[in-house]
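The values are calculated or read from the model by the stated rules, or taken from the named source; none is laboratory data. The structure displayed is predicted, hence computed values, not measured ones. Reconstructed Cβ throughout: ideal geometry from the backbone, glycine too, with neighbour counts over all protein chains shown.
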Amino acid sequence: MRIVADANVLLAAVLGGRASLILESPQVEGILTVGQIINEVEEYAILLARKKGLAEDLVLLAVGALPVTIIEQTAYKAAIPEATKRIGKRDPDDVELLALAIALNLPVWSNDKHFRRTGVEWLTTEALLKRLGLIGGS
């Protein structure tokens, strides 16, 4: 399975949340994102490191070690207008991520509910953990 990942789930993985189980799953063949998302993860990781009293350099190393492929905008640029129509008013910061998901026909892994009605499959960490059989499902 290949998925497009949002900043909130990657940040959770860096900080040792259950999202890290997904990164380690052999069923996940590829986790893709856009450069803007990695920049956001780095920015918030530093803020959270300070808040939690963690070493900033170690947290940034963890961000750099994420098994994520950053896709260049040329691969999804044609889908940006459609993504803007679908999510631009709700969250303009997620237009590029949605464009990537549209262009590659992949689900979005995010805990943000604004992906709910965007025309692409939206998976929360909880839903993805269940799908991968990493936690019990109901």
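Restricting to the range 107-137, what's the tally of residues that are outside any helix (DSSP H, G or I) and under 12 Å from the mean Cα position of the chain (by Cα)? Quick ask: steps written out before the conclusion?
Within the range 107-137, the first condition is being outside any helix (DSSP H, G or I), and the residues that meet it are 107-112, 116-124, 132-137.
Those still in the list that are under 12 Å from the mean Cα position of the chain (by Cα) too: 107-112, 122-124.
Count: 9.
Of all residues in the range 88-114, which are touching a residue at least 24 places away in the same chain (Cβ under 8 Å), of a type outside the set (D, E, K, R) and within 19 Å of Ala127 (Cβ to Cβ)?
Leu97, Ala101, Leu106, Pro107, Val108, Trp109, Ser110, Asn111, His114 - these are the residues of the range 88-114 that are touching a residue at least 24 places away in the same chain (Cβ under 8 Å), of a type outside the set (D, E, K, R) and within 19 Å of Ala127 (Cβ to Cβ).
Which of the residues that make up the range 65-79 are surrounded by 12 or more Cβ atoms within 10 Å (Cβ to Cβ) and not β-branched (Val, Ile, Thr)?
Leu66, Gln73, Ala75, Tyr76, Lys77, Ala79
From Val9, Val4, which residue is outside any helix (DSSP H, G or I) and modelled with pLDDT of 95 or more?
Numbers: Val9 fails: outside any helix (DSSP H, G or I).
Going through Val9, Val4 in turn, just one is outside any helix (DSSP H, G or I) and modelled with pLDDT of 95 or more: Val4.
Assess whether Asp112 counts as being more than 13 Å from Arg2 (Cα to Cα), loosely packed, with under 13 Cβ neighbours inside 10 Å and charged (D, E, K, R). Break it down stepwise before answering.
Details: more than 13 Å from Arg2 (Cα to Cα): yes; loosely packed, with under 13 Cβ neighbours inside 10 Å: no; charged (D, E, K, R): yes.
Here the answer is no, as Asp112 does not meet what is asked.
Report yes if some residue within the range 64-73 is part of a helix (DSSP H, G or I), at pLDDT 95 or above and of a type outside the set (Asp, Glu); otherwise report no. Walk me through how you get there before you give the answer.
Taking the range 64-73 and keeping what is part of a helix (DSSP H, G or I), we get 64, 73.
Those left that are additionally at pLDDT 95 or above: 73.
After this cut, where a residue has to be of a type outside the set (Asp, Glu) as well, the list is 73.
Checking the range 64-73: at least one residue is part of a helix (DSSP H, G or I), at pLDDT 95 or above and of a type outside the set (Asp, Glu).
In the list Ile46, Ile37, which residue meets the criterion of being surrounded by 15 or more Cβ atoms within 10 Å (Cβ to Cβ), touching a residue at least 40 places away in the same chain (Cβ under 8 Å) and not in a loop (DSSP other than H, G, I, E, B)?
Being surrounded by 15 or more Cβ atoms within 10 Å (Cβ to Cβ), touching a residue at least 40 places away in the same chain (Cβ under 8 Å) and not in a loop (DSSP other than H, G, I, E, B) holds for just one of Ile46, Ile37, which is Ile37.
Would the range 6-17 turn up any residue that is under 18 Å from Val120 (Cβ atoms), touching a residue at least 40 places away in the same chain (Cβ under 8 Å) and acidic (Asp, Glu)?
yes
State whether the residues of the range 38-58 include one that is within 11 Å of the chain's Cα centre (by Cα) and either within 16 Å of Phe115 (Cβ to Cβ) or of a type outside the set (A, V, I, L, M, F, W, C) (or both).
yes
Which of the numbered conditions does Ser20 fail, given that it passes all the others? Conditions: (1) hydroxyl-bearing (Ser, Thr, Tyr); (2) within 26 Å of Ile135 (Cα to Cα); (3) touching a residue at least 12 places away in the same chain (Cβ under 8 Å).
Here Ser20 clears every test but (3).
Looking at Glu82 and the list (1) over 18 Å from Val41 (Cβ atoms); (2) surrounded by 15 or more Cβ atoms within 10 Å (Cβ to Cβ); (3) under 15 Å from the mean Cα position of the chain (by Cα); (4) not aromatic (Phe, Trp, Tyr), which single condition is not satisfied?
Just one mismatch for Glu82, condition (3).
What tally of residues in the range 49-63 results from selecting those that are in a loop (DSSP other than H, G, I, E, B) and aliphatic (A, V, I, L, M)? Don't jump to the end; show me each part of the working.
We begin by selecting, within the range 49-63, every residue in a loop (DSSP other than H, G, I, E, B); these are 53-55.
Checking which are aliphatic (A, V, I, L, M) leaves us with 54-55.
Looking only at that region, the number is 2.
For the range 17-34, which positions are closer than 16 Å to Asn111 by Cα and in a loop (DSSP other than H, G, I, E, B)?
Scanning the range 17-34 gives Gly17, Arg18.
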